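Below is one structure, written out as structure tokens; comments come after it.
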Amino acid sequence: MGKVSIGLRGWRFDEDEVFTEDGDFRPMDEIPPDPRKRLIRLQALVGSPCDACWLIHGDAEIHECNPAEVVYGESLGEVVLCADHEPDFLYWFAEEGGDRYKGEQVLQDEFHEWFLDGGHAPEGYGGLEHVETDPEDIPEPPEPDQEALNVELPEEERKRIDLRNVEVQEGAAVTDESNSDETDGGEASDAEESADLDDEDFDLGMDYPSS
């Protein structure tokens, strides 16, 4: 099996890590930690606005934003972009020193700062050439399954991602909070519990842009 994008172009997954031989998604506890983390994150990113559009229009005019089509970077520090603004990111990465942040969480903040300062790709800048893929051929990420996401992991690898606040809690912090909830008599509402999910390299089938 090869690599495949799921939900958005950009991040690429080894098919045999996320799909069964029948083409169905594997249970979350059978997917390795890194791709599992990205699959969970994609559930929030698919349908979200392009970062660059959002920087232009803000929440007040979010309806003017194009939906994201491609994702670059690390989970929770990623940049999502529409086709119109993808060249801006590729130019920044290849020509404006953005590659120094490869694999770092600050990549998103650094690109946002550059864009807000008026950074844009020159007219006609092509950047990477992608293999043309019909958006309808890109599979959607799996629906959240709370039971499947409750995977027992070593303490140092346990993570809980709050997609509402885009925060990650790790290891003992998750355990301590869980114990605190039990001590409080389990007063947290079902809605709050269901909103918490246990748990690039610009890989995803594409090479990093280079100058």
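We did not get these values from a lab; they are worked out from the coordinates using the rules stated. Just so we're clear, the structure is a prediction, and the values are computed from it rather than from any experiment. So basically every Cβ, Gly included, is an ideal-geometry build from the backbone, and we count neighbours across all protein chains shown.
Just so you know, the Cα atoms of the range 3-142 work out to an Rg and Dmax of 15.6, 49 Å. Among the GluC sites (Glu not before Pro) found in the range 16-85, those both in a DSSP coil and sparsely packed, with 15 or fewer other Cβ atoms within 10 Å of their Cβ, are Glu21. Note on His120/Thr20: beta-carbon distance plugged into 1/(1 + (r/R0)^6) with R0 of 45 Å gives a FRET efficiency of 0.55. Computed from the C-beta positions of Ala83 and Asp59, the FRET efficiency with R₀ = 30 Å rounds to 0.85.
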